[in-house]
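Beneath this line is the structure, given in structure tokens, with notes to follow.
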Amino acid sequence: MVKFSIKDVDDNFYDKIIQYFKECYRFDLKQKMMFNQDLSYKLTSVNRYNPATGKTEEFPFPLAYDIRVIYHFVVNDYDVAEDIEESIYKVTKLIHTNPWTKKTYYDMTHDKFTNLRIGFLIYLAELKLRLLQGENFAAVELGTMIGITGQGIVNRIKRGQLNAKKEGNSWVIKNKDAKRIVKEESIGLI
């Protein structure tokens, strides 16, 4: 069960992700300082252009910019589809090979990943990319995109409010129907 909803994704959600990364960095650095006292606690900030504001902004560390790009893509502040895949890759690579989470790519389950704020944000960005690229969706995926459970989507299918096709144990919702539901829910993804 995912502990976040699309309805949770706002500036405060983004700020908590950044704070988490800062804390992890400082913790990791403290461990390394036992062996090298010359290391600094200071994160290196970077200035990057933010298309959402039209201004150059300071980000507390380089990856914070990529996290912001993902956030803006999810909440539909601006179209960054051309940058989004690279940003997702950078952040996901760090999460999956990161000493902070004590996990590797092979042992972090989807549930564990999406129960991290950053993992949930990346999952939403990946779902949105798939929606824009014309892919079909499972009930649970569409539910995640609009802030309800997969069972909530299945209930809509059974009531005739949503077209879907049963394939094995799963319902498959065509892309055009998924887009319609996302637009009707006014979530802001598209």
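What follows is calculated from the coordinates using simple rules that are stated; it is not laboratory data. Values in this document were obtained by computation on a predicted structure and should not be read as measured data.
Things to note:
- In this structure the amide hydrogen of residue 46, modeled in the peptide plane, comes within under 5 Å of the amide hydrogens of 59, 61, none closer than 5 places in sequence on its chain.
- Rounded, prolate or oblate (a/c below 1.5 giving rounded, otherwise prolate when a/b exceeds b/c) for the stretch 135-190 by Cα gyration tensor: prolate
- Over 24 Å apart at the Cα level, from the set 112/174; 3/128; 22/90; 93/183; 16/179; 55/179, are 112/174; 93/183; 16/179; 55/179.
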